[in-house]
Amino acid sequence: MFLILLSLQTAAVSVPEASAKEPARFAECMDLATGDPSTGVTNAARWQMEGGGMLAKQCLGVAYANQRRWTSAASAFEEAARAAEMAKDARAANYWAQAGNAWLASGDAVKARADLDAALATGTLTGLALGEAHLDRARVLVAAGDSTGARADLDQALADAASDPLAWLLSATLARRSDDLPRAKRDIDRAIKLSADDPAVQLEAGNIAAASGDEAGARTAWGRVVELAPTGPAADSARKALAQFDGAAAK
């Protein structure tokens, strides 16, 4: 039996985009929040004090997220969600989902679960936004050891966010851990089609090949990881996995 290297998936936090229906100041605020986040925080906070409401709070969350200040981003998105709920604005669901996404990036799975539950409970998320919320909740449930709940959310994510390689990657990983290797292989193949140059995808492809007894496939995938990202945790894991073959040959 080959050694299987596990990897944690930490998808980048997505942020709400500006709409053509929003005021010009919102577009300007979002431009700063994405292009110059430090200045964007100051600008969004000023607009918030001037009565910018949920749009200013959303912009502030975007600016914090682009600084990787996840806790601050989550709090700002939560404030935007509450303001939207008071205004009976359907965007509350998106803000709750973004808050959950940011809490997940911060490492606080409990708060992430609460906000993602709130987003999904509204029943107003559709399409990709719905799929991404289910994907984020699946990540929380995997961390909590709830494989059954995670599978249900991942299946929904695959239906609504089929273009997201992370959904297929996590589904493949969960299938492998559940000893469903045929599904793991099918799902990792989809992830590879969508994002073959992602080291995390290739690392998991090697894991699945190893679990299936396919030494050649495992060598190829793990070797690809090192080619794509010579330094970092993924490469370290791949080298460690590859070293087992050298050790086996020496016996």
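The values are calculated or read from the model by the stated rules, or taken from the named source; none is laboratory data. Bear in mind the structure is a predicted one, so any value in this text is a computation, not a measurement. Methodologically, a virtual Cβ is constructed for each residue, glycine included, from the backbone with ideal geometry; neighbour enumeration extends over all protein chains shown. Side chains included, ligands, DNA and RNA excluded: accessible areas come from the protein's heavy atoms. Shrake-Rupley method; radii C 1.70, N 1.55, O 1.52, S 1.80 Å.
Label-to-label distance for Ala216 and Ala90 is 5.3 nm, based on points extended 7 Å past Cα in the beta-carbon direction.
Considering the values (i) 46, 44, 34; (ii) 52, 38, 36; (iii) 72, 35, 29, which represents Cα extents along the principal axes in Å as calculated for the structure under consideration? Among (i) 46, 44, 34; (ii) 52, 38, 36; (iii) 72, 35, 29, the one derived from this structure is (iii). In the elastic network of the chain, a GNM with C-alpha springs shorter than 10 Å, the most mobile of Ala87, Ala200, Ala74 is Ala87. Accessible surface area normalised per residue over the chain is 48 Å², counting heavy atoms of protein chains with a 1.4 Å rolling probe.
Measuring between their Cα centroids, region 109-156 and region 27-43 lie 29 Å from each other. Annotated for the chain: lysine pairs at least 8 residues apart or interchain, Cα distance under 18 Å, count 5.
Could you work out how far helix 24-35 tilts from the main Cα principal axis of the chain, as a 0 to 90 degree angle to the nearest 10? Approximately 30 degrees, to the nearest 10.
Against the main long axis of the alpha-carbon atoms of the chain, helix 233-250 sits at an angle near 10°. With the alpha-carbon atoms of region 194-234 aligned to their principal axes, the span from lowest to highest coordinate is 26, 21, 14 Å, starting with the largest.
The value for region 109-245 of Rg(Cα) / (2.2 N^0.38 Å) is 1.10.
Counting only other residues whose beta carbon sits under 14 Å from that of Ala112, what net charge do I get with K and R as +1, D and E as -1? Spelling it out: positives minus negatives among the neighbours equals -4.
Once the Cα atoms are used to define both axes, helix 199-211 deviates from the longest principal axis of the chain by about 40 degrees.
Taking 0.36 nm per residue of separation and subtracting the Cα-Cα distance, full extension of the segment from Thr148 to Ala162 would add 3.0 nm.
Rounded, prolate or oblate for region 98-180? Axes are the square roots of the Cα gyration tensor eigenvalues, ordered a ≥ b ≥ c, and the cut-off for rounded is a/c under 1.5. Oblate. Rolling a 1.4 Å probe over the protein heavy atoms of region 104-251, with every protein chain left in place, gives an accessible area that is 54 percent carbon and sulfur. Across Ser195, Ser163, the residue with the most accessible area heads the list, and the full order at a 1.4 Å probe is Ser163, Ser195.
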